[in-house]
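Colleague: Mind looking over this structure? Questions follow.
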Amino acid sequence: MRHAAAIKPVRLKASARDQQNEFIKHRCQQLRVCCKTITAERLSPRVKTIRDQILMEVKARWPNAHARRLGVSGEMRN
């Protein structure tokens, strides 16, 4: 009787954009802010500070990241 070869799990490589979006979601959860809130046009000073902090962290990890692709309003585009 022949046994089938073990199937190796395949790891899909996430794109840089997916990694950036997951990072942003994770940081929003840590900072207790809704992801949709940081992309709104009118923000409270507290949320603006958090958004700017997250964008600086994203830029530090992914220097080629663009704010527009991350779903941030036109005010933060580089």
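Colleague: Please work out how much accessible surface Arg46 shows to a 1.4 Å probe, ignoring ligands, DNA and RNA, in Å² rounded to 10.
Modeller: 130 Å²
Colleague: Between Cys34 and Gln53, with labels modelled 7 Å along Cα→Cβ, what's the label distance in nm to one decimal, could you check?
Modeller: Here the answer is 2.0 nm between the modelled labels.
Colleague: Further question on the same structure: Carbon and sulfur together cover what percent of the accessible area of segment 27-68 at a 1.4 Å probe radius?
Modeller: Accessible surface attributable to carbon and sulfur in segment 27-68 totals 51 percent.
Colleague: Work out from phi, with θ = phi - 60° and the Karplus expression 6.51 cos²θ - 1.76 cosθ + 1.60, the ³J(HN,Hα) of each residue of segment 19-24, listed in order in whole Hz, and give x for Gly and Pro.
Modeller: 4, 5, 5, 5, 4, 4
Colleague: Tabulate in residue order the Karplus-calculated ³J(HN,Hα) for segment 29-44, using 6.51 cos²θ - 1.76 cosθ + 1.60 with θ = phi - 60°, rounded to whole Hz; enter x for Gly and Pro.
Modeller: Running phi through 6.51 cos²θ - 1.76 cosθ + 1.60 with θ = phi - 60° gives 4, 4, 8, 6, 9, 6, 4, 5, 5, 6, 9, 5, 6, 9, 10, 6 Hz.
The values are calculated or read from the model by the stated rules, or taken from the named source; none is laboratory data. Keep in mind it's a predicted model, so treat the numbers as computed, not measured. All Cβ positions, glycine included, derive from the backbone under ideal geometry; neighbour counts span all protein chains shown. Calculation scope for accessible area: heavy atoms of the full protein, side chains included, ligands and nucleic acids excluded. Shrake-Rupley method; radii C 1.70, N 1.55, O 1.52, S 1.80 Å.
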